[in-house]
Amino acid sequence: MSRLITLGLASALLGGACGGPKKVIKVVQKDKAPDAKSLLADAREAAQNGNLLDADKYYARSFALSNEFDTLEEHVDFLIHNGKPTRAIEVSKAYYDKHLTSTRGYKLYAESLLAANRGAEALEVAQQVIDMNSGDAAGHEKRGRALMQLDRNEEGVDELRKAVQLEPAKSEYQLQLGLALDKIGKPDEAALKFLAALKGAPDDPMIHVYLGMTRRNQGELEESKKYLDKAIELDPQSGRAYFELGLLYNLQQNQGDAEQALSKSVQKSPNESKYWYALGEIYRLQERFDKAIKAYKQATELDPPYPKATAKLGLLYVDAKKYDDAEALLIPAIRRDPKVAVNYLYLGVVYAARSNRSAAIENYQKFLELAPKNDPDVRRAKAAIAELKRR
């Protein structure tokens, strides 16, 4: 940040020996161009004050001057955690393209892709890291997370196990493996991974969040709340802690507290589309449809949007018999990403309501092709197809 620096007043005696008049001369130093270090400090200050555009600009200028990878990494991390994964991809890809032998650039680019839920591309980049060094734990960790995003869960777990084997002291890899295990329905094993990580970092709020999540999934609801309360005590700004607490209250059929917790989650982390989606779900369950629509819309407009939010917004339109609105929402969503199963489910509902039997069956069947076998809506889709075929 440039500053005008006045060095003070310099006096000089001008004239002859008899003593001429004194003239005051003001010496001013010209503005100095900001250096990389001061720009980095400006970026951090802007980020802390919530001035995201300024922070982005200062980070970029600081890196352009210093070419320090740590500055680039901090810049990308800032973008990811402030809901700007597309911009993070742009920044990290520029480095990736220019440094084809730098595995650090590959990993940073893969991390940005993962943040944007672009699992297929992240998988490709992570594989490039492994091709350069088969023993690179970070490459296997990112490949594992990419596979999990693509619902290739068993492969993903295997990759994450390999990352842990290569670097067992890396708590982040233990946490990612625990999350993967929880996703595939192994909360007991997931909890063991989180407990192992907790030993090395007992005051890490996110580990308490994950333990609260797994204890909830194990049915140990009181213990789950203890961990989540501890996470909030350690980090009162943790949107994830309030999100998991909201899911716990919802499981306990305590919708008032669930709404309060999820409202706090979006206050603390307003750029997390999943949190807005969950809040929309609570409003929908309470039949507060106007609020649900607003929350779902927010979830669809963030970067990246939460996939199920579009479908649930479509469902609300269906319930209100706004079939044109539902169709106008769902068909473009399917064109943008034809692999999101739930959009076909609700488009099937639209066509069934319009008595378009063949189109309804076609969309229900497409949902069944794409949906995981344990998806709770699989039974619903099969029943709908059977009912349509009986007509």
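The values are calculated or read from the model by the stated rules, or taken from the named source; none is laboratory data. Computed from a predicted model, the values in this text were never measured in an experiment. Counting neighbours? That spans all protein chains shown, and the Cβs are built from the backbone with ideal geometry, glycine included.
Taking (1) over 23 Å from His81 (Cβ atoms); (2) of a type outside the set (Val, Ile, Thr); (3) at pLDDT 95 or above in turn, Arg240 satisfies each apart from (1).
Annotation: of all residues in the stretch 179-200 being of a type in the set (Gly, Ala, Ser) and under 25 Å from Asn374 (Cα atoms), the one that is nearest to the chain's Cα centre (by Cα) is Ala180.
Of the residues making up the stretch 65-79, those that are part of a helix (DSSP H, G or I) and either at pLDDT below 95 or at positive phi (or both) number 0. Residues in the stretch 91-119 that are more than 18 Å from Gln176 (Cα to Cα), of a type in the set (A, V, I, L, M) and under 19 Å from the mean Cα position of the chain (by Cα): Val91 only.
Of the helices (runs of 4 or more DSSP H) lying entirely inside the stretch 111-216, those containing at least 2 residues that are more than 27 Å from Ile89 (Cα to Cα) and touching a Leu at 6+ places or on another chain (Cβ under 9 Å) span 187-200.
A quick yes/no check of all residues on (1) touching a residue at least 40 places away in the same chain (Cβ under 8 Å); (2) farther than 19 Å from Glu124 by Cβ; (3) in contact with a helix residue (DSSP H, G or I) (Cβ under 8 Å, 6 or more places away or on another chain):
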{"residue": "Gln48", "(1), (2), (3)": "no, yes, no"}
{"residue": "Ser62", "(1), (2), (3)": "no, yes, yes"}
{"residue": "Leu65", "(1), (2), (3)": "no, yes, yes"}
{"residue": "Gly83", "(1), (2), (3)": "yes, yes, no"}
{"residue": "Ala88", "(1), (2), (3)": "no, no, yes"}
{"residue": "Ser92", "(1), (2), (3)": "no, no, yes"}
{"residue": "Tyr96", "(1), (2), (3)": "no, no, yes"}
{"residue": "Gly105", "(1), (2), (3)": "no, no, yes"}
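Can you work out which of the residues in the stretch 287-305 that are within 22 Å of Gln253 (Cα to Cα) and surrounded by fewer than 19 Cβ atoms within 10 Å (Cβ to Cβ) is nearest to the chain's Cα centre (by Cα)? Residue satisfying both the conditions and the ranking: Ile293. Among the residues of the stretch 33-68, those that are surrounded by fewer than 18 Cβ atoms within 10 Å (Cβ to Cβ) and within 20 Å of the chain's Cα centre (by Cα) comprise Gln48, Gly50, Asn51, Leu52, Leu53. Mind checking whether some residue in the stretch 279-286 is surrounded by fewer than 16 Cβ atoms within 10 Å (Cβ to Cβ) and not assigned by TED's automatic domain parsing to the domain that holds Ala386? Taking every residue of the stretch 279-286 in turn, at least one turns out to be surrounded by fewer than 16 Cβ atoms within 10 Å (Cβ to Cβ) and not assigned by TED's automatic domain parsing to the domain that holds Ala386. Of the residues making up the stretch 95-108, those that are outside any loop (DSSP other than H, G, I, E, B) and within 20 Å of Gly135 (Cβ to Cβ) number 6. Considering the conditions (1) modelled with pLDDT under 90; (2) over 19 Å from Ile293 (Cβ atoms); (3) part of a helix (DSSP H, G or I), Lys312 is excluded by exactly one of them, (2).
Do we have any residue at all in the stretch 346-363 that's surrounded by fewer than 19 Cβ atoms within 10 Å (Cβ to Cβ), touching an Asp or Glu at 6+ places or on another chain (Cβ under 8 Å) and in contact (Cβ under 8 Å) with a residue 12 or more places away in the chain? No. Listed by first and then second residue, the pairs linking a residue in the stretch 108-120 that is at positive phi to a residue that is part of a helix (DSSP H, G or I), with Cβ atoms under 7 Å apart and 6 or more places separating them unless they lie on different chains, are Asn117/Gln149.
Within the stretch 165-176, the set of residues being free of Cβ contacts under 8 Å to residues at least 24 places away in the same chain and touching a Lys or Arg at 6+ places or on another chain (Cβ under 9 Å) comprises just one member, Gln174. Arg215 meets the stated requirement of being within 30 Å of Leu285 (Cα to Cα), charged (D, E, K, R) and crowded, with 22+ Cβ neighbours inside 10 Å.
For Arg161, the requirement of being among the basic types (Lys, Arg) and under 23 Å from Asn271 (Cα atoms) is not met.
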